[in-house]
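The structure under discussion appears below in the form of structure tokens.
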Amino acid sequence: MSFDLNLEILFSPYTRFLPFLFVGGGCNVSNSFISTVARAQGGFGFEVLLTKGAGLILFGNIIICLSRII
């Protein structure tokens with residue numbers, strides 16, 4: 001299980017095609033919260049609005065674990 005918190009930057013928030021960048025952090029959790037590992041992450045992607053309330057998102061990201069022990 002993992003928990004994430006990201007900051008997202010939208011380049012054109014008022015169009016149907018929304019490219020974005022994100023950066024943030026989080027933690028990976030295993031064994032009923034006995035073992036946790038902090039992580040940093042970032043990525044880019046875009047969203048295409050299909051209707052006023054729904055869209056399709058495609059993104060890529062990189063995750064860097066901040067511990068040598070997993």
Exercise. Does any residue in region 21-48 that is under 15 Å from ARG68 (Cα atoms) come within less than 9 Å, Cβ to Cβ, of a residue that is at pLDDT 85 or above and among the charged types (D, E, K, R) six or more places away or on a different chain, and which pairs are these?
Worked result: CYS27/ASP4; CYS27/ARG39; ASN28/ARG39; ARG39/ASP4
For this session: Hey, can you tell me all the residues within region 39-70 that are among the polar types (S, T, N, Q), closer than 21 Å to PRO19 by Cα and loosely packed, with under 14 Cβ neighbours inside 10 Å?
Result: THR51
Problem set entry | Checking PHE20 against (1) of a type in the set (Phe, Trp, Tyr); (2) part of a loop (DSSP other than H, G, I, E, B); (3) open to solvent by less than 90 Å² (accessible area, probe 1.4 Å), the condition it does not meet | (2)
Seminar exercise, completed: Taking region 29-50 and keeping residues out of contact with any strand residue (DSSP E or B) (no Cβ under 9 Å at 6 or more places or on another chain) and polar (S, T, N, Q) leaves ASN31, SER32
Exercise. What do you reckon, is ASN28 within 10 Å of the chain's Cα centre (by Cα) and surrounded by 14 or more Cβ atoms within 10 Å (Cβ to Cβ)?
Worked result: no
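The values are calculated or read from the model by the stated rules, or taken from the named source; none is laboratory data. No experiment lies behind these values; they were computed from the predicted model shown. Using ideal geometry, Cβ is built from the backbone for each residue, glycine included, and neighbour counts are taken over all protein chains shown. Only protein heavy atoms, including side chains, enter the accessible area calculation; ligands, DNA and RNA are left aside. Shrake-Rupley method; radii C 1.70, N 1.55, O 1.52, S 1.80 Å.
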